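Have a look at the structure below before the remarks.
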Amino acid sequence: MYRFDIDAVKEVLKIVVPKLTGQEKIILIPENRKIPLVIIEASVTDCKNYLTSNISGAEFAEKLKIIFETETEWQELKNETEFNSTNLRFDITLKPTIAAQFGVYTDPVMWQLNLVPGIRTSFWKGMNINYELIIPIHNDLLPMEDSVRTGLAVINQTLRLPNSFFVSSSIGYFSNNRYGFDLEGKKYFSNGDINIGINFGITSFAYFVGKRFNYSDQFIWTGGVNFDFRIPEYDLTLGFSAGKFIMGDYSIRFDINREFGEIEIGFFALRSIRGVSNGGINISIPIFPSKYWKPDFIRLRTQENFGWGYIVRSNSPDLIGLRYTTGNKINNFIKKLNPEFIKNNFRKN
């Protein structure tokens, strides 16, 4: 029901803790698609003192025990009776998308605004189906993007394996007019603050014009390795990736990303082995409202976040490091539930 999962954690404490009598501690295990993400453990006494303001959020954060590895606790719970399953429930989402490009003197800014409704559902643990429809509102860019057309159309399966290893596989129609198959694997270390990942995709070019689907059967492979290091004190993440990208270039990419609660601001720099450089900025901001209706067979709500990116050079020879999006990156699957990020949000109270 909550856009921000840490708000949901706090709400659960408000509901559950006052009802506990005689229990020593409470353990919360947030899940995404029935996959456990993190273990949050606190003494009932500390929770009651926090809820009654006898201790501050900063003091409570120091008493919290938050572990990224979930295997031991989950083994004790995975066979318990499940209530209020999210299987076969459909979320109809709505979000805006904006694209802009600096043009000639007589038309200095060319821009595009779309409204994107979508539908999501899950049939079993870790599985997700996502379909989006792009409805153009204003378009100064490509003429073929004037029509109502399909956006993402993806089937994904995500797995959490022992020792904080995740695997995500997607098939369907992705962003940047690519269709095909994508596989991502990621291993987390240092209680979630460090991760190493690999990615591999087999895709080809395709695009929708109205109801027509135009495609090529000339598939190419893309892929690479990536490394992220989180500095907990500042909710700052440094990233490095290298590999082969959509335009056939072999490039490296450096990212720096800062989280301010739900807001994220990131900068990136690119360099190819051909000596071409590029860079840009990514921004993600939450979309109103912060609380949704209770999940039901069909629920209408907004998308969680609005993302916007800008790249300095948009000419085709400069489009190095270009990637497609499946909507199922593992780092996003974790849903801002990094242990230190959770503690930092309690410290701000």
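The values are calculated or read from the model by the stated rules, or taken from the named source; none is laboratory data. Values in this document were obtained by computation on a predicted structure and should not be read as measured data. Please note: Cβ atoms are built from the backbone with ideal geometry, for glycine as well, and neighbour counts cover all protein chains shown. Just so you know, the surface numbers come from the protein's heavy atoms only, side chains and all, with ligands and any DNA or RNA stripped out. Shrake-Rupley method; radii C 1.70, N 1.55, O 1.52, S 1.80 Å.
Could you check Ile342 against (1) in contact with a Lys or Arg (Cβ under 9 Å, 6 or more places away or on another chain); (2) open to solvent by 20 Å² or more (accessible area, probe 1.4 Å); (3) aliphatic (A, V, I, L, M) and say which number it fails?
It is condition (2) that Ile342 fails.
Exactly one condition in (1) open to solvent by less than 80 Å² (accessible area, probe 1.4 Å); (2) more than 24 Å from the chain's Cα centre (by Cα); (3) closer than 30 Å to Ile283 by Cβ is not met by Phe102; state its number.
Condition not satisfied by Phe102: (1).
In the stretch 137-164, how many are assigned to a strand (DSSP E or B) and exposed (fewer than 15 other Cβ atoms within 10 Å of the Cβ)?
4
Looking at Trp111, Trp74, which one is open to solvent by 50 Å² or more (accessible area, probe 1.4 Å), among the aromatic types (Phe, Trp, Tyr) and modelled with pLDDT under 95?
One residue alone meets the criteria, Trp111.
If we keep just the residues of the stretch 179-195 that are part of a strand (DSSP E or B), within 12 Å of Arg230 (Cα to Cα) and free of Cβ contacts under 8 Å to residues at least 60 places away in the same chain, which is farthest from the chain's Cα centre (by Cα)?
Within the stretch 179-195, the match that is farthest from the chain's Cα centre (by Cα) is Phe189.
So, restricting to strands (runs of 3 or more DSSP E) that lie completely within the stretch 242-329, which ones have at least 2 residues that are among the basic types (Lys, Arg) and more than 28 Å from Leu183 (Cα to Cα)?
Fully inside the stretch 242-329 and qualifying: 298-302.
Only one residue in Ser316, Ser272 is touching a residue at least 60 places away in the same chain (Cβ under 8 Å) and of a type in the set (Gly, Ala, Ser), so which one is that?
Matching residue, one of Ser316, Ser272: Ser316.
Can you report the number of residues in the stretch 30-85 which are part of a helix (DSSP H, G or I) and more than 28 Å from Tyr188 (Cα to Cα)?
Within the stretch 30-85, residues that are part of a helix (DSSP H, G or I) and more than 28 Å from Tyr188 (Cα to Cα) number 8.
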